[in-house]
1. Working carefully through the options 128, 93, find the one that is in contact (Cβ under 8 Å) with a residue 60 or more places away in the chain, over 19 Å from residue 9 (Cα atoms) and within 10 Å of the chain's Cα centre (by Cα).
2. Go through 28, 73, 64, 69 for me and flag whichever is open to solvent by 40 Å² or more (accessible area, probe 1.4 Å) and at pLDDT 95 or above.
3. Among 20, 15, which is the only one that is under 17 Å from the mean Cα position of the chain (by Cα) and open to solvent by 50 Å² or more (accessible area, probe 1.4 Å)?
4. Take residue 80 and tell me if it is assigned to a helix (DSSP H, G or I), of a type in the set (Gly, Ala, Ser) and out of contact with any Cys (no Cβ under 6 Å at 6 or more places or on another chain).
5. If you go through region 75-94, how many residues are among the polar types (S, T, N, Q) and over 14 Å from residue 116 (Cα atoms)?
6. Does region 96-120 hold any residues that are among the β-branched types (Val, Ile, Thr) and farther than 12 Å from residue 16 by Cβ, and which are they?
7. Right, residue 79: in contact (Cβ under 8 Å) with a residue 40 or more places away in the chain and touching a helix residue (DSSP H, G or I) at 6+ places or on another chain (Cβ under 6 Å) or not?
8. Tell me which residues, restricted to region 102-125, are open to solvent by 50 Å² or more (accessible area, probe 1.4 Å), under 19 Å from the mean Cα position of the chain (by Cα) and touching a residue at least 24 places away in the same chain (Cβ under 8 Å).
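The values are calculated or read from the model by the stated rules, or taken from the named source; none is laboratory data. What you are looking at is a predicted structure, and each value in this text was computed from that prediction instead of being measured. Here the Cβ is made from the backbone with ideal geometry for all residues, glycine too, and neighbour counts use every protein chain on show. Side chains are part of the model used for accessible areas, which takes the heavy atoms of the whole protein and leaves out ligands, DNA and RNA. Shrake-Rupley method; radii C 1.70, N 1.55, O 1.52, S 1.80 Å.
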Amino acid sequence: MIEPVARDLRIGDRVDETRVVSAEMIALYADLSGDDNPLHLDAEYAARTPFGRPIAHGPIALALAAGILGTRLPGPGSIAITNYIRYRRPIFAGDAITTRIEVAAIDRERRCATFAMTLTNADGEVVALGEAVLRPPGY
């Protein structure tokens, strides 16, 4: 089990994690969501698109961020309130994606915190940006 960040949150606290997005992840997401768009699953079809090959479903980027938010920062027991993500570049099977989650704002009166999400590929290109508002455990 991943150890959560167990301390009072401060603006600027952050966690970076790199994971490789696999073809299996993409297929599992297609099955889970019912989104079997050939752009994600069919190499022949995708070859005829501007991407040239299959791309990962956009919400996989959000899922990478959610894994950190739910287990490390702010961690287990957190409750998601909102999230927003903007997709800037495609993610392909085999891409190593580094997800950075950083505390951007804390609202103790409303018992929530805002987390900036930045996802980059191995070339340092931003593939997605976003933010999530959560109620951290103990707030």
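1. After applying the criteria, what remains is 128.
2. 28
3. Answer to the check: 20.
4. No.
5. Looking only at that region, the number is 1.
6. Correct list: 103, 106, 114.
7. Spelling it out, it is not the case that residue 79 is in contact (Cβ under 8 Å) with a residue 40 or more places away in the chain and touching a helix residue (DSSP H, G or I) at 6+ places or on another chain (Cβ under 6 Å).
8. 102, 104, 122, 125
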